[in-house]
Amino acid sequence: MERTVIIGGGDAGLIAAAYLERADETDVLLVSEREYHVFSFLLYDVITGTPLRRARLDIPSTFREKDVTFVRGLVEGIDATENRIDLRSGSLHFDTLLIAVGGVTAYNIDDRRHVFDIRTDAREIQSAVNSPNIRDVVVVGGGPVGVETTAALSSVADTDVTLVTSSRRLLPDFPPRASRIADRELRRRARLKTGTQVMEVTENGVVLDGDDTELNDLTVWAGGVRPNPVIENFGLARNECGLRVDSHLRCLDTNNVYAAGDVVDYPEKMKDGFSAGLEARAAAKNLLRGLRGQRPIEHDVRWHPRIVDLGGGNALLSVNGMVYHGRGPAFVRAVAVKGYPFYWKSRY
């Protein structure tokens with residue numbers, strides 16, 4: 001039987017594995033360097049008090065009774081011509097491959113000793129903001145992650161939060177109306193510094209362009225994401241934004257290698273969890289269609305809802321240029337946040 005290997009235990013890798021595990025045409029192996037996955041949208045709850053265990057999914061137990069074999073390993077390279085994956089512990093053969101190794105935080109500073117990363121240090125941030133010694137917090141980043149981090153931290157008692165972003169407006173890749181709404185809502189509970197570059201982070205604050213210094217007790221980095229640098233060892237077509245894929249999410253110049261999530265690049269690409277899920281399902285579907293001798297289907301990116309929590313029981317929803325704001329989007333987000341982990345922990 002054919003063997004399909006999925007690299008990556010994040011949202012995209014898990015969704016692809018869940019789609020393919022019922023297929024009779026292939027055996028599925030899921031390779032990840034960690035045995036757990038942290039739901040990124042629950043990190044904001046973690047930094048404000050929720051135990052980290054409630055935001056984690058145990059991957060081996062999730063697929064234990066399913067037709068998915070979990071392999072813990074660190075991928076070091078891929079040879080697409082030999083259908084081989086090189087792990088630190090050895091090698092794996094594949095007939096078809098789906099790459100979903102995700103992205104890493106994009107920093108523009110060299111010294112990160114005094115920075116907490118919202119994506120990896122949520123538990124440490126929680127501990128810090130609960131300390132009586134932490135009062136002034138700086139959040140770096142004006143995209144959805146920075147906005148939601150600011151909204152979450154500003155709800156913590158005795159914490160003054162400042163958001164710093166190099167962009168001229170919050171949520172720069174959203175419609176202008178969404179930026180105005182986010183700006184208005186956040187200014188009610190935090191300070192905003194837009195159009196300002198962070199040049200350095202010290203133990204006592206952040207150094208801004210123009211040599212201004214913002215004194216603080218804690219710096220939280222919530223900036224953008226870049227593709228996982230491991231793809232530099234894959235020998236596949238790529239650019240600075242990720243692996244280059246065609247409209248079927250198949251890596252260029254290959255017949256049996258697909259990719260999804262923050263690690264890929266194509267026209268109109270969005271780097272967020274919802275987009276990663278859509279791509280993972282589309283890539284898995286085309287992978288399976290290829291095994292069945294069927295024609296692939298183009299990935300459709302026309303419909304793309306994005307929800308951002310603004311705190312205070314409000315959120316904004318942006319869908320194809322239309323922006324909605326208030327308690328309705330907040331309710332939709334709350335249902336999704338609670339329902340998605342429940343889906344995994346109850347069905348898988």
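The values are calculated or read from the model by the stated rules, or taken from the named source; none is laboratory data. What you see is a predicted model, and the numbers here were worked out from it, not measured in a lab. Heads up, the Cβs are rebuilt from the backbone with ideal geometry, glycines too, and the neighbour counts pull from every protein chain shown.
Filter the range 247-277 down to the residues that are in a loop (DSSP other than H, G, I, E, B), of a type outside the set (S, T, N, Q) and either buried (at least 16 other Cβ atoms within 10 Å of the Cβ) or touching a helix residue (DSSP H, G or I) at 6+ places or on another chain (Cβ under 6 Å) (or both) and list them by number.
Within the range 247-277, H248, L249, A260, G261, D262, V263, Y266, K271, D272 qualify.
Name the single residue, out of those in the range 9-30 being surrounded by fewer than 23 Cβ atoms within 10 Å (Cβ to Cβ) and hydrophobic (A, V, I, L, M, F, W, C), that is modelled with the lowest pLDDT.
Going through the range 9-30, the residues surrounded by fewer than 23 Cβ atoms within 10 Å (Cβ to Cβ) turn out to be 18-19, 21-27, 29.
The next check asks that each one be hydrophobic (A, V, I, L, M, F, W, C); those that pass are 18, 23, 29.
Numbers: A18: 94, A23: 87, L29: 97.
Across the range 9-30, the extreme among qualifying residues is A23.
Can you find a residue that is without any contact (Cβ under 8 Å) to a residue 12 or more places away in the chain and under 23 Å from A182 (Cα atoms) anywhere in the range 147-167?
Just the residues of the range 147-167 that are without any contact (Cβ under 8 Å) to a residue 12 or more places away in the chain, to begin with: 157.
Checking which are under 23 Å from A182 (Cα atoms) leaves us with 157.
Scanning the range 147-167, I find at least one residue that is without any contact (Cβ under 8 Å) to a residue 12 or more places away in the chain and under 23 Å from A182 (Cα atoms), so the answer is yes.
Where residues in the range 191-223 are free of Cβ contacts under 8 Å to residues at least 60 places away in the same chain, under 18 Å from R168 (Cβ atoms) and not charged (D, E, K, R), which of them is surrounded by the fewest Cβ atoms within 10 Å (Cβ to Cβ)? I'd like the intermediate steps shown before the answer.
Filtering the range 191-223 for residues free of Cβ contacts under 8 Å to residues at least 60 places away in the same chain gives 191-196, 204, 207-213.
When the remaining residues are screened for being under 18 Å from R168 (Cβ atoms), the result is 191-196, 208-210, 212.
This time we only want the ones that are not charged (D, E, K, R), so: 192, 194-196, 208, 210.
Numbers: L192: 19, T194: 16, G195: 12, T196: 21, L208: 18, G210: 9.
Step by step, filter the range 191-223, then rank; the result is G210.
Does A282 satisfy the criteria of being in a helix (DSSP H, G or I), of a type outside the set (S, T, N, Q) and buried (at least 21 other Cβ atoms within 10 Å of the Cβ)? Show your work before the answer.
Values: in a helix (DSSP H, G or I): yes; of a type outside the set (S, T, N, Q): yes; buried (at least 21 other Cβ atoms within 10 Å of the Cβ): yes.
Criteria met by A282.
Take the residues in the range 209-228 that are closer than 21 Å to S167 by Cβ and part of a loop (DSSP other than H, G, I, E, B); name whichever of them is nearest to the chain's Cα centre (by Cα).
G224
Picking from D309, D265, which residue would you name as being charged (D, E, K, R), under 24 Å from T81 (Cα atoms) and either assigned by TED's automatic domain parsing to the domain that holds R188 or touching a strand residue (DSSP E or B) at 6+ places or on another chain (Cβ under 6 Å) (or both)?
On the way: D309 fails: under 24 Å from T81 (Cα atoms).
Every option except D265 fails the conditions.
Among the listed residues F39, F63, identify the single one that is under 17 Å from the mean Cα position of the chain (by Cα) and at pLDDT below 95.
Only one candidate passes the filter, namely F39.
Only residues in the range 323-348 that are closer than 21 Å to D67 by Cα and assigned to a helix (DSSP H, G or I) count as the first member; pair them with residues that are of a type in the set (V, I, T) and at pLDDT below 95, Cβ under 7 angstrom, at least 6 apart or cross-chain, and list the lot.
Hits for this filter: W344/T62.
This table checks each residue for (1) among the small types (G, A, S); (2) more than 23 Å from M1 (Cα to Cα); (3) crowded, with 18+ Cβ neighbours inside 10 Å.
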residue	(1), (2), (3)
L52	no, yes, no
T62	no, yes, yes
F70	no, no, yes
L74	no, yes, no
I78	no, no, yes
T81	no, no, no
I85	no, no, yes
L92	no, no, yes
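In the range 289-321, what count of residues is obtained for those that are surrounded by 12 or more Cβ atoms within 10 Å (Cβ to Cβ), free of Cβ contacts under 8 Å to residues at least 60 places away in the same chain, under 20 Å from the mean Cα position of the chain (by Cα) and more than 14 Å from A151 (Cα to Cα)?
Residues flagged as surrounded by 12 or more Cβ atoms within 10 Å (Cβ to Cβ), free of Cβ contacts under 8 Å to residues at least 60 places away in the same chain, under 20 Å from the mean Cα position of the chain (by Cα) and more than 14 Å from A151 (Cα to Cα) within the range 289-321 amount to 6.
With respect to A334, is the statement that it is surrounded by fewer than 20 Cβ atoms within 10 Å (Cβ to Cβ) and of a type outside the set (V, I, T) true?
Numbers: surrounded by fewer than 20 Cβ atoms within 10 Å (Cβ to Cβ): yes; of a type outside the set (V, I, T): yes.
So A334 passes the test.
Scan (1) part of a strand (DSSP E or B); (2) touching a Cys at 6+ places or on another chain (Cβ under 9 Å) for the single condition V206 breaks and write down its number.
(2)
Go through (1) in the same structural domain as G141 (by TED's automatic domain parsing); (2) in contact (Cβ under 8 Å) with a residue 60 or more places away in the chain; (3) surrounded by 15 or more Cβ atoms within 10 Å (Cβ to Cβ); (4) not in a helix (DSSP H, G or I) one by one and return the number of the condition A182 breaks.
Going through (1) in the same structural domain as G141 (by TED's automatic domain parsing); (2) in contact (Cβ under 8 Å) with a residue 60 or more places away in the chain; (3) surrounded by 15 or more Cβ atoms within 10 Å (Cβ to Cβ); (4) not in a helix (DSSP H, G or I) one by one, A182 breaks only (4).
Out of T69, T50, which single residue is assigned by TED's automatic domain parsing to the domain that holds A237, in a loop (DSSP other than H, G, I, E, B) and either at positive phi or out of contact with any Ser or Thr (no Cβ under 8 Å at 6 or more places or on another chain) (or both)?
Values: T69 fails: in a loop (DSSP other than H, G, I, E, B).
After applying the criteria, what remains is T50.
Counting only residues that are in contact with a Ser or Thr (Cβ under 9 Å, 6 or more places away or on another chain) and not in a strand (DSSP E or B), which one in the range 1-15 is nearest to V230 (Cα to Cα)?
G8
Look at the range 84-114 and say how many of its residues are among the hydrophobic types (A, V, I, L, M, F, W, C), at pLDDT 95 or above, over 19 Å from the mean Cα position of the chain (by Cα) and outside any strand (DSSP E or B).
Residues in the range 84-114 being among the hydrophobic types (A, V, I, L, M, F, W, C), at pLDDT 95 or above, over 19 Å from the mean Cα position of the chain (by Cα) and outside any strand (DSSP E or B): 1 in total.
Could you run through the range 131-142 and say how many residues are surrounded by fewer than 22 Cβ atoms within 10 Å (Cβ to Cβ) and touching a residue at least 60 places away in the same chain (Cβ under 8 Å)?
Selection size over the range 131-142: 4.
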